[in-house]
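Trainee: One structure follows; several queries about it will come next.
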Amino acid sequence: MSSDTQHQEQEKAALLSGYAEQQYDYHVWANGKVFAGLRALPKELSFEQIQSIFPSVADALNHIYMMDEMWLVIMKGGGYEEARKVVTDLYAQGRGDSLDELQKRFALAEEKYRAFFAEGEGAAAETAPSHPQFGSLETRVYALVQHVVNHGTYHRGNISAMLRQLGHRGTPTDYIAFLFERGIR
């Protein structure tokens, strides 16, 4: 590979890494909006059992958190079994957590992600996750960050639907609102 091509690849990776970190900023912002919206509602609503994709809003939040932690293990090069153990352990720990406790868990995960982005190549690093069913994948961390963000967006939508089912409005967390609020070009 020529030095020009190598330089272009490095610039592209740096650009995509920065974009992935911005996407992660959005993910954190949107999760914060959901927590703020839930705080404006009766406390017990987050734990009310309903017939939906998750048994409660709190369970949906715990799922987002657990998957964020699991994907960080994978981004750092951990294997499937290690990631699965993290999820199993976190599920047992997080059942029945208050909103405050859940939000603290989200904040700790954010700290871990920020530290990871700051070390080495961060979101531009190469990674090769494998899965017993899907096989192996050679990619960069920023592609997995995009998955984390998409996963969170999907389940925040579930939470909005669950709140509507419980007779309340969800909190808008559209990416465009994040851009406007932050003044990002």
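Any read-out appearing in this document is the output of simple, stated calculations on the displayed coordinates, not a laboratory observation. Quick caveat: nothing in here was measured; it's all calculated off a predicted structure. Cβ sites come from the backbone with ideal geometry, for glycine too, and all protein chains shown count toward neighbours.
Trainee: Going Cα to Cα from Lys85, which lysines come in below 25 Å? Please leave out same-chain ones fewer than 8 positions away.
Mentor: Lys76, Lys104, Lys112
Trainee: Still on this structure, please answer the following. Is segment 58-185 best put as rounded, prolate or oblate by its Cα gyration tensor, with a ≥ b ≥ c the root eigenvalues, rounded for a/c under 1.5, and otherwise prolate when a/b is larger than b/c, oblate when not?
Mentor: Working: a/c = 1.80, a/b = 1.30, b/c = 1.38.
Oblate.
Trainee: Karplus couplings for segment 80-86 from phi (6.51 cos²θ - 1.76 cosθ + 1.60, θ = phi - 60°), rounded to Hz, Gly and Pro as x?
Mentor: Computed from phi, the couplings for segment 80-86 are 4, 5, 4, 5, 5, 5, 4 Hz.
Trainee: Give me a comma-separated list of calculated 3J(HN,Hα) values for segment 54-68, in order, Karplus coefficients 6.51, -1.76, 1.60 applied at θ = phi - 60°, integers in Hz, x for any Gly or Pro.
Mentor: Once θ is set to phi - 60°, the couplings for segment 54-68 become 10, x, 7, 4, 4, 5, 5, 4, 4, 5, 4, 4, 4, 5, 4 Hz.
Trainee: Where the only charges are on Cβ atoms (+1 Lys, Arg; -1 Asp, Glu), what is the dipole of segment 92-139 about its Cα centre, to the nearest 20 debye? It would help to have the intermediate numbers written out before the result.
Mentor: Details: 5 positive and 9 negative charges, 42 e Å.
For segment 92-139, the charge dipole is close to 200 debye.
Trainee: Can you give the relative contact order of segment 122-185 as a percent, counting alpha carbon pairs under 8 Å and 6+ residues apart?
Mentor: Values: 38 pairs, mean separation 12.1, N = 64.
That works out to 19 percent.
Trainee: Comparing Ala123, Ala115, Ala40, which has the greatest mean-square fluctuation in the GNM of the chain with Cα pairs linked when under 10 Å apart?
Mentor: Most flexible of the set in this elastic network: Ala40.
Trainee: Here's a follow-up. Where the only charges are on Cβ atoms (+1 Lys, Arg; -1 Asp, Glu), what is the dipole of the chain about its Cα centre, to the nearest 20 debye? Intermediate values should be presented prior to the final figure.
Mentor: Values: 18 positive and 24 negative charges, 133 e Å.
The dipole of the chain has a size of about 640 debye.
Trainee: Would you please give the residues with an amide H less than 5 Å from that of Arg140, counting only those at least 5 places away or on a separate chain, with H modeled from the backbone geometry?
Mentor: Thr127
Trainee: Each residue of segment 9-20 in turn: what ³J(HN,Hα) in whole Hz from Karplus with 6.51, -1.76, 1.60 and θ = phi - 60°, glycine and Pro shown as x?
Mentor: Running phi through 6.51 cos²θ - 1.76 cosθ + 1.60 with θ = phi - 60° gives 5, 5, 5, 4, 4, 5, 4, 5, 5, x, 5, 4 Hz.
Trainee: Could you pull out the trypsin sites (Lys or Arg not before Pro) across segment 114-169 that fall in loop regions by DSSP (anything but H, G, I, E, B) with no more than 13 other Cβ atoms inside 10 Å? Working shown, then result.
Mentor: Numbers: sites: Arg114, Arg140, Arg156, Arg164, Arg169; in loops: Arg169.
Passing both the DSSP loop test and the Cβ count: Arg169.
Trainee: Run lengths n ≥ 4 of DSSP H only: what is the helix-derived mean residue ellipticity at 222 nm for the chain, with -39500 (n - 2.57) per run over all residues, to the nearest 500?
Mentor: -23000 deg cm²/dmol
Trainee: Next up: Which one of His131, His151, Ala20 is farthest out on the positive end of the charge dipole of the chain, using unit charges on Cβ (Lys, Arg +1; Asp, Glu -1) and the Cα centre as origin?
Mentor: Result: His151.
Trainee: Give a quick list of trypsin sites (Lys or Arg not before Pro) in segment 1-100 that DSSP marks as loop, anything other than H, G, I, E or B, with at most 16 other Cβ atoms within 10 Å.
Mentor: Working: sites: Lys12, Lys33, Arg39, Lys43, Lys76, Arg84, Lys85, Arg95; in loops: Lys76, Arg95.
Passing both the DSSP loop test and the Cβ count: Lys76, Arg95.
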